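Q: Questions regarding the structure given below will be posed in turn.
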């Protein structure tokens, strides 16, 4: 396989945002930001210039949204993504702004978490989420920008159902295999049977299943969890995946840098073998 390897790159209010990517010897990244006030035309121009200077390609813009976010199994359903009614409109506005920023950056897509998408297609909440997502997707489509959903809080079948019901032509999946495990939602390898045609980017992240049903599982360094990366990478090759592997390690400091560097070498070995 000849896929590129990259890393998450937080948008900085001041100073370079892509230098850390180049420091790892990588040539691509997902730009990520939870602060809409930073998504300005001036910021986009600076990032485009920095991309040219460093040779680091931005593959997509990962856009967060305002309001509370509890990354767990208890408060998560009421706080994450476009599902909670109390925060839905301001988050739609943020994703609309993200579309304009993505267009100014020249990246192909906006990525986000939609939240705990209702499992049942029967009932008003699922229909509301479909209509909300469709509205954002249609706006992004008018800008020539795609809308990719990061896996996590829903089963693969639920994600596929949402994509089918929204029905616009600019939808895709940012497959985070660890999230499927951390939330207890499915097997990453098996998820490719369901979502394979829609997978545009992959997060290189690993984890362990929950053992306390009130808490998420534990994120670990790639290769040390339950993703089964050799099989996962091989299956991606079999379905013709052409996108990037974007490393995400949700810790900080020297251990994070060490784990990212180790994951780069680990992935290069797997890709060379496939």
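Q: Scan the stretch 82-99 residue by residue and report those that are buried (at least 21 other Cβ atoms within 10 Å of the Cβ) and more than 20 Å from residue 11 (Cα to Cα).
A: 82, 83, 87
Q: Give the stretch 21-37 a look and list any residue that's out of contact with any helix residue (DSSP H, G or I) (no Cβ under 9 Å at 6 or more places or on another chain), free of Cβ contacts under 8 Å to residues at least 60 places away in the same chain and buried (at least 16 other Cβ atoms within 10 Å of the Cβ), or say none.
A: Scanning the stretch 21-37 gives a single hit, 32.
Q: Quickly run through the stretch 157-182 and pick out the residues that are within 20 Å of residue 250 (Cβ to Cβ) and either touching a strand residue (DSSP E or B) at 6+ places or on another chain (Cβ under 6 Å) or surrounded by fewer than 24 Cβ atoms within 10 Å (Cβ to Cβ) (or both).
A: As a first pass, look at the stretch 157-182 and keep what is within 20 Å of residue 250 (Cβ to Cβ): 173-182.
173, 174, 175, 176, 178, 181, 182 - these are the residues of the stretch 157-182 that are within 20 Å of residue 250 (Cβ to Cβ) and either touching a strand residue (DSSP E or B) at 6+ places or on another chain (Cβ under 6 Å) or surrounded by fewer than 24 Cβ atoms within 10 Å (Cβ to Cβ) (or both).
Q: So, of the residues in the stretch 1-46 that are in contact with a strand residue (DSSP E or B) (Cβ under 7 Å, 6 or more places away or on another chain) and assigned to a helix (DSSP H, G or I), which turns out to be farthest from residue 244 (Cα to Cα)?
A: Per the stated criteria, the residue is 20.
Q: Among the numbered criteria (1) within 23 Å of residue 258 (Cα to Cα); (2) assigned to a loop (DSSP other than H, G, I, E, B); (3) within 18 Å of the chain's Cα centre (by Cα), which single criterion is violated by residue 58?
A: Failing condition for residue 58: (2).
Q: So residue 238 clears everything in (1) surrounded by 17 or more Cβ atoms within 10 Å (Cβ to Cβ); (2) free of Cβ contacts under 8 Å to residues at least 24 places away in the same chain; (3) out of contact with any strand residue (DSSP E or B) (no Cβ under 6 Å at 6 or more places or on another chain) except one condition, right? Which one?
A: That leaves (1) as the condition not met.
Q: Considering only the stretch 121-151, how many residues are at positive phi and at pLDDT below 95?
A: Of the residues in the stretch 121-151, 1 are at positive phi and at pLDDT below 95.
Q: Oh, and also: I'm checking my understanding of the structure. Among residues of the stretch 38-47 that are within 15 Å of residue 100 (Cα to Cα) and more than 21 Å from the chain's Cα centre (by Cα), which one is surrounded by the most Cβ atoms within 10 Å (Cβ to Cβ)?
A: 43
The values are calculated or read from the model by the stated rules, or taken from the named source; none is laboratory data. Remember, it's a predicted structure, so these values are computed and weren't measured experimentally. Don't worry about glycine lacking a Cβ; one is built from the backbone with ideal geometry, like all the others, and counts go over all protein chains shown.
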